[in-house]
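**Student:** Quick one: the structure is below, questions incoming.
The values are calculated or read from the model by the stated rules, or taken from the named source; none is laboratory data. All values reported here derive from a predicted model rather than from experimental measurement. Glycine gets a Cβ as well: all are built from the backbone with ideal geometry, and neighbour counts include every protein chain shown. Please note that ligands, DNA and RNA were not included when accessible areas were found on the heavy atoms of the full protein model with its side chains. Shrake-Rupley method; radii C 1.70, N 1.55, O 1.52, S 1.80 Å.
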Amino acid sequence: MVSLAGGLYLGWALGANDAANVFGTAVATRILRFRTATILCAGAVILGALLQGESGIRTLSSLSAQTQRTLAVVSFSAAFTVTLMIFLRLPISTSQAIVGAITGAGLATHSLAWGGLVKVVICWAIAPVGAMLIALIVYPLVTTFFRKVPMSMLLRDKLLWGGLVVVGCYGSYALGANNVANATGIFSGRLGDITDRQLAIMGGIAIAVGVLTFSRRMMLAVGKGVMPLEALTAFVAVLSMAVTVHALAMVGVPVSTSQAIIGAIFGVGLLRNRQNLRFGMLRNILIGWSLTPTVALILSAAGYAIFAG
Amino acid sequence: MGRKGRFIVLRNRQKEIEAGIERYCEEVTTTIELLHSSLEQYICQPDREALRENLKTIHKAESRADDLRAEIEVLMYSKAIYPESRKDIMELLEMLDKIPNCAEGCIRMILTQHVVIPEEYGPEVMKLVGISGHAVRHVLEATRILFRNYTTATVAVGKVDELESDGDRVEAALIETLFSSRRDGFEKILLRDLFLHIGKIADRSENVGDRIRIIVAKRRI
């Protein structure tokens, strides 16, 4: 049960950081109040976790064999890695932290399911690329609609900003469905009578608590990322991210929503104004991308050697 | 209230705001038309009493515009409008509001400072009033277009810029002619202030036009 605390901490950190990906622009541009956005996001996250979170849980739990000791090592290694990334102000990915930690323990115990790991790593690459491709398709469609259809500025604002709230809710749902496995996936079948659905609810609540308690800083920092965001870009980016992450939730592989949304924003940036793209930010993402699983892997393998071996 | 009912209320509120802005534009047009007819009448026959009556009418139209603006603001604060749209409309109305104030100010200036417009300046003064009036009409048209097909609103704004430049030229020529004349220095200053005040109407219209450009640019796809 102590190891579950590490998983719930991961869920909390995930909620605190990733809520900005779905509702950041809506809050930063005062379309939604922060409190309203967090309540909508938390509700949709729990719903996503409850209805479609089990598939990812099964994937993560099948990556390697776990004992009570390795569970503690894996969850705390991932939690420590995420904390370190936050401290270093690098974009965090709890998916990569937890999979890195599972891989470390799996290598140490010679129980790693390589096939599952390859599937996960492929999906990590698909998340930003897929979101970028969707953005490349959706952006011209949306812009054509707004250019061709004569409308009042009030109707335009209502459609676009109202749409931003709707896709924010969908993105939150996808976040819950896809990422709940990061929080409680490794505990599947290893905590007595607790079922996968109950784990999904616990993980969903942990993410929701993170959203409700600690997401303000990240929400207000939106627009300082890969490129400045306005309503249309945010709408396309969140929609592209949500579709990608939701699809990968159905495949059962947890991926980083941050990386997916950055892929989508990059796609819009390619169509709109390449000069606005902040390539320094992309460099940070690549560093976080490679560093997160590596650090988690090393910590987990070392932790296993010291405490569980 | 069901979702459909709520949607209808929100849609009606949007329509109410758009209708309010339309009525506001009509009141602004009224003040400008009254300014034109009052000055035309005053130049032909400087009857202060008639001008005082006209001032009352302009003041009523200006007050109605103020009331409409307050009504629109209340409507917008009833949460039916997104904060960014609300901010843009409020700023637009704030700038538009200076136009009827300016029109009223011209007549008030003539009355309170006992300004008499010499006959020889009449045609050029009326030309300046006409140009300012055209600028106002174009900027009001641009405002209306914002609520029909916002992407094309800047076309009407382009004409406002041209009219403002024309107004500046007429105003400068009037002032030059005035100061070349042998009139009393005090009278020259009073007339110059009046010419500048009439010219301000086109300047205010240009400012509104600039605001419309920003509103459209913020929403440019």
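**Student:** With θ taken as phi - 60° and the coefficients 6.51, -1.76 and 1.60, list the Karplus ³J(HN,Hα) couplings across the stretch A:287-302 in order, rounded to whole Hz; mark glycine and proline as x.
**Tutor:** 5, x, 4, 7, 6, 4, x, 5, 4, 4, 4, 5, 4, 5, 5, 5
**Student:** Ok, one more. Taking θ as phi - 60°, what are the ³J(HN,Hα) couplings along the stretch A:69-85 by the Karplus curve (6.51, -1.76, 1.60), each to the nearest whole Hz, with x for Gly and Pro?
**Tutor:** 5, 5, 4, 5, 4, 5, 5, 6, 4, 5, 4, 5, 4, 4, 4, 4, 5
**Student:** Tally Lys and Arg at +1 and Asp and Glu at -1 over the other residues with C-beta under 12 Å from the C-beta of B:ARG204: what net charge comes out? If you can, show how the numbers build up before the last one.
**Tutor:** Values: positive: B:LYS98, B:LYS200, B:ARG211; negative: B:GLU94, B:ASP97, B:GLU164, B:ASP203, B:GLU206, B:ASP210.
Cβ neighbours under 12 Å give a net charge of -3.
**Student:** Compute the Kirkwood hydrodynamic radius of the stretch A:16-91, taking the inverse of the mean of 1/r over all pairs of distinct Cα atoms, and give it in Å to one decimal.
**Tutor:** 15.2 Å
**Student:** OK, next. What does the accessible area of A:PHE307 come to, in Å² to the nearest 10, when a probe of 1.4 Å is used?
**Tutor:** The accessible area comes out at roughly 140 Å².
**Student:** Could you check how many percent of all C-alpha pairs in the stretch B:141-221 are farther apart than 17 Å? Intermediate values should be presented prior to the final figure.
**Tutor:** Values: 1759 of 3240 pairs.
It works out to 54 percent of all Cα pairs.
**Student:** Also, I was wondering about something else. Choose one of A:ALA242, A:LEU282, A:GLY269: the residue whose Cα lies farthest towards the positive end of the charge dipole of chain A (beta-carbon charges +1 Lys, Arg; -1 Asp, Glu; about the Cα centre).
**Tutor:** Toward the positive end, the furthest listed residue is A:GLY269.
**Student:** Buried by at least 10 Å² relative to the chain on its own: which residues of the stretch B:137-165 qualify, computing accessible area with a 1.4 Å probe on protein heavy atoms?
**Tutor:** B:LEU146, B:PHE147, B:ARG148, B:ASN149, B:TYR150, B:THR151
**Student:** R0 = 30 Å: FRET efficiency of A:PHE279 with A:LEU88, Cβ-based, nearest 0.05? If you can, show how the numbers build up before the last one.
**Tutor:** On the way: r = 19 Å, r/R0 = 0.64.
According to the calculation, E is roughly 0.95.
**Student:** In what sequence, largest accessible area first, do B:HIS59, B:HIS114 appear using a 1.4 Å probe?
**Tutor:** Numbers: B:HIS59 80, B:HIS114 115 Å².
Sorted descending by solvent-accessible area, the residues read B:HIS114, B:HIS59.
**Student:** Give me the percent of the accessible area of the protein assembly as shown that comes from carbon and sulfur atoms, probe 1.4 Å, all protein chains in place. Present the calculation step by step, with values, prior to reporting the outcome.
**Tutor:** Numbers: 13940 of 22560 Å².
On the protein assembly as shown, the fraction of accessible area on carbon and sulfur atoms equals 62 percent.
**Student:** Going by a 1.4 Å probe on protein heavy atoms, which residues of the stretch B:70-118 end up with at least 30 Å² less accessible surface in the whole assembly than in their chain alone?
**Tutor:** With the partner chains in place, the stretch B:70-118 has these residues losing at least 30 Å²: B:TYR82, B:PRO83, B:GLU84, B:SER85.
**Student:** Continuing with this model, one more query. Rounded, prolate or oblate: pick one for the stretch A:2-308, where a ≥ b ≥ c are the square roots of the eigenvalues of its C-alpha gyration tensor, a/c under 1.5 means rounded, and failing that, prolate if a/b is larger than b/c, else oblate. Kindly include the intermediate steps, with their values, before the conclusion.
**Tutor:** Details: a/c = 2.07, a/b = 1.77, b/c = 1.17.
Since a/c reaches 1.5 and a/b is larger than b/c, the shape of the stretch A:2-308 is classed as prolate.
**Student:** Per residue, how large is the accessible surface of the protein assembly as shown? Use a 1.4 angstrom probe and give square angstrom.
**Tutor:** Values: 22560 Å² over 530 residues.
Normalised by residue count, the accessible surface of the protein assembly as shown is 43 Å².
**Student:** Another question, then. Ordering B:ARG213, A:ARG216, B:ARG108 from largest to smallest accessible area (1.4 angstrom probe), what's the sequence?
**Tutor:** Numbers: B:ARG213 80, A:ARG216 130, B:ARG108 100 Å².
The ranking, largest first, comes out as A:ARG216, B:ARG108, B:ARG213.
**Student:** Oh, and also: Compute the separation of the alpha-carbon centres of the stretch A:159-238 and the stretch A:83-104 and state it in Å as a whole number.
**Tutor:** First find each Cα centre; the distance between them is then 16 Å.
**Student:** At q = 0.13, 0.14, 0.18 Å⁻¹, what is the log10 ratio I(q)/I(0) for chain B, with the Debye formula run over Cα points and no solvent?
**Tutor:** For chain B, the Cα-only Debye profile gives -0.76, -0.85, -1.22.
**Student:** Say the cut-off is 29 Å between C-alpha atoms; which of B:LYS15/B:LYS200; B:LYS159/B:LYS188; B:LYS56/B:LYS200; B:LYS98/B:LYS127; B:LYS98/B:LYS159; B:LYS127/B:LYS218 go over it?
**Tutor:** B:LYS15/B:LYS200; B:LYS159/B:LYS188; B:LYS127/B:LYS218
**Student:** Just the accessible area for A:CYS169, please: 1.4 Å probe, Å², rounded to the nearest 10?
**Tutor:** 40 Å²
**Student:** If you line up the Cα atoms of the stretch B:52-133 on their principal axes, what length do they span on each, largest first, in Å?
**Tutor:** Sorted largest first, the three principal extents are 54, 24, 16 Å.
**Student:** Given only helices, namely DSSP H runs of n ≥ 4 each adding -39500 (n - 2.57), what is the per-residue ellipticity at 222 nm of chain A, to the nearest 500 deg cm²/dmol? Spell out each step's value before the answer.
**Tutor:** Numbers: 12 runs with 242 residues, N = 309.
Calculated at 222 nm, the ellipticity per residue is -27000 deg cm²/dmol.
**Student:** Round to the nearest 10 and give me the degree value, 0 to 90, for the angle of helix A:231-251's Cα axis relative to the longest principal axis of chain A.
**Tutor:** Roughly 30 degrees, rounded to the nearest 10.
**Student:** Run the 1.4 Å probe and let me know the accessible area of B:GLU16, rounded to the nearest 10 Å².
**Tutor:** Looks like 100 Å² after rounding.
**Student:** For chain A, calculate the relative contact order in percent as a whole number, restricting contacts to Cα pairs under 8 Å that are 6 or more residues apart. Write down the numbers at each step before the final one.
**Tutor:** Numbers: 607 pairs, mean separation 124.2, N = 309.
Across chain A, relative contact order equals 40 percent.
**Student:** So, one more: Chains B and A: how much accessible area gets covered up at their contact, both sides added, probe 1.4 Å, in Å² to the nearest hundred? Walk me through the numbers before you get to the answer.
**Tutor:** Working: alone 11590 and 12920 Å², together 22560 Å².
Accessible area lost upon association: around 1900 Å².
**Student:** Also, I was wondering about something else. For the stretch A:1-71, which trypsin sites (Lys or Arg not before Pro) pass both filters: DSSP loop (anything but H, G, I, E, B) and at most 14 other C-beta atoms within 10 Å? Working shown, then result.
**Tutor:** Numbers: sites: A:ARG30, A:ARG33, A:ARG35, A:ARG58, A:ARG69; in loops: A:ARG30, A:ARG33.
Here the sparse-neighbourhood loop sites are A:ARG30, A:ARG33.
**Student:** Could you state the angle between the C-alpha long axis of helix A:153-184 and the longest principal axis of the C-alpha atoms of chain A, as a value from 0 to 90 degrees rounded to the nearest 10?
**Tutor:** 10 degrees
**Student:** Per the Kirkwood formula on distinct C-alpha pairs, the Rh of the protein assembly as shown is how many angstrom? Walk me through the numbers on the way to the answer.
**Tutor:** On the way: mean 1/r = 0.0375 Å⁻¹.
The answer is 26.7 Å.
**Student:** Then there's this: Compute accessible area for the stretch A:138-164 by itself and then with all protein chains, 1.4 Å probe, and report residues whose area falls by 20 Å² or more.
**Tutor:** Residues losing area: A:PHE146, A:ARG147, A:PRO150, A:MET151, A:SER152, A:MET153, A:LEU154, A:LEU155, A:ARG156, A:ASP157, A:LYS158, A:TRP161.
**Student:** Just to make sure I understand: if all protein chains stay in place, what is the order of A:MET202, B:MET126, A:MET151 by accessible area at 1.4 Å, largest first? Write down the numbers at each step before the final one.
**Tutor:** Working: A:MET202 60, B:MET126 30, A:MET151 5 Å².
Accessible-area ranking of A:MET202, B:MET126, A:MET151, largest first: A:MET202, B:MET126, A:MET151.
**Student:** Of B:ALA103, A:SER64, A:GLN52, whose Cα points farthest to the positive end of the dipole of the protein assembly as shown (charges on the beta-carbon: +1 Lys, Arg; -1 Asp, Glu; origin at the Cα centre)?
**Tutor:** A:SER64
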